[in-house]
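Okay, so here's the structure we're looking at.
The values are calculated or read from the model by the stated rules, or taken from the named source; none is laboratory data. Computed from a predicted structure; not experimentally measured. A quick note on method: Cβ atoms are made from the backbone with ideal geometry, for glycine too, and the neighbour counts reach across all protein chains shown.
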Amino acid sequence: MQKGLHQLHIRAFNGTRWGLVQSRPVFIQYDNDTVVPPMEKIEYFFDTDDGFGNGTVVNVTDPVNTEQLMTIDHLEPGLHRLYVRSSNNEKWGPVQSRPVYIAHTEPENQSTIQSIEYFFDAEDPGFGHATPISLSTTEPILTINHDIFLWNTLATGDHTFHVRAQNDNALWSNIQSASFYYEAVEIEACILSVLPLNQNVSASAGNTSIDIENKGTGVLKWTSEIIEGNSWISMSNVSGQGNSTINISYQANTTFEERTGKMQVNAEN
């Protein structure tokens, strides 16, 4: 096709008949034998045109796709218009424009987060009545780590966690939610039982015992020690695992004064 103005016509056929012709004007700027000059420069500006070559220059790294970070610090909040144009070694192309809305700039006095609370699933207890999270500081942006214990709180299954914050103007934020699956896992733990806790013995030499029992489900490893009365008390065993009996021997009291012996049994982690 020759350079100049032409008319493009198009129509469709459905298998039975042809549709109406749709037409559009087409302007051919270069013919097949014309070498298109390469793009040399791109510039952009906002709102007001200061003239060709006076806009903010874009570094052209690719003649088809080029990315550029634009500085908008000088623009006030509100509606603006961005204009972009390019040039080759002959002339500037037409200006392309798009509306741009600047929502807001950084406020001088940001509100601070005063409280955070959370709840689960669909039962919202109301503002200020959910479970609070303790805050060590109040800032516009907070990053916190908080442990939430769910034992005997939620049933096994799918749940939704909801959290919201209140600022220093007593305004609550929108709720942020996340779904999760909860299933309680029983932890095996040992529970140490020592009986009897106290005994009275005669002044003459003799023997007695205490029973060690694991009331839990985990593996119980234990140690024992005499912490008072080492001079007249001895034990048969000082460590063990599971249920057991510690045999204790004591010497006669020849001083005719009351004496007290103490021993301690420790469960190992």
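Here are some notes:
- Close pairs (7 angstrom Cβ cut-off, 6 or more residues apart or separate chains): under 16 Å from residue 206 (Cα atoms) in the range 245-259, assigned to a loop (DSSP other than H, G, I, E, B) and among the basic types (Lys, Arg) anywhere: 253/259
- If you filter the range 221-269 down to residues that are small (Gly, Ala, Ser) and under 20 Å from residue 191 (Cβ atoms), you find that the one that is farthest from the chain's Cα centre (by Cα) is 244.
- Residue that is modelled with the highest pLDDT, among those in the range 13-35 that are part of a loop (DSSP other than H, G, I, E, B) and surrounded by 10 or more Cβ atoms within 10 Å (Cβ to Cβ): 19
- Considering residues of the range 36-65 that are among the β-branched types (Val, Ile, Thr), at pLDDT below 85 and exposed (fewer than 13 other Cβ atoms within 10 Å of the Cβ) only, the residue nearest to residue 81 (Cα to Cα): 64
- Tally of residues being assigned to a strand (DSSP E or B) and modelled with pLDDT under 90 across the range 240-264: 2
- Test result for residue 165, under 41 Å from the mean Cα position of the chain (by Cα), at pLDDT 90 or above and of a type in the set (A, V, I, L, M): yes
- Any hit, the range 186-200, residues being acidic (Asp, Glu), without any contact (Cβ under 8 Å) to a residue 40 or more places away in the chain, loosely packed, with under 14 Cβ neighbours inside 10 Å and in a loop (DSSP other than H, G, I, E, B): yes
- The sole residue among 139, 213 that is assigned to a loop (DSSP other than H, G, I, E, B), of a type in the set (Asp, Glu), more than 17 Å from the chain's Cα centre (by Cα) and farther than 30 Å from residue 255 by Cα is 139.
- Flag if residue 111 is among the small types (Gly, Ala, Ser) and surrounded by 10 or more Cβ atoms within 10 Å (Cβ to Cβ): yes
- Residue match in the range 45-54 (condition: free of Cβ contacts under 8 Å to residues at least 12 places away in the same chain and on the phi > 0 side of the Ramachandran plot): yes
- Contact annotation: residue pairs with Cβ atoms under 6 Å, 6 or more positions apart or on different chains, pairing a residue in the range 226-242 that is of a type in the set (Asp, Glu) and surrounded by fewer than 14 Cβ atoms within 10 Å (Cβ to Cβ) with a partner that is assigned to a strand (DSSP E or B) and modelled with pLDDT of 90 or more, are 228/262.
- Flag if residue 228 is among the acidic types (Asp, Glu) and more than 28 Å from residue 256 (Cβ to Cβ): no
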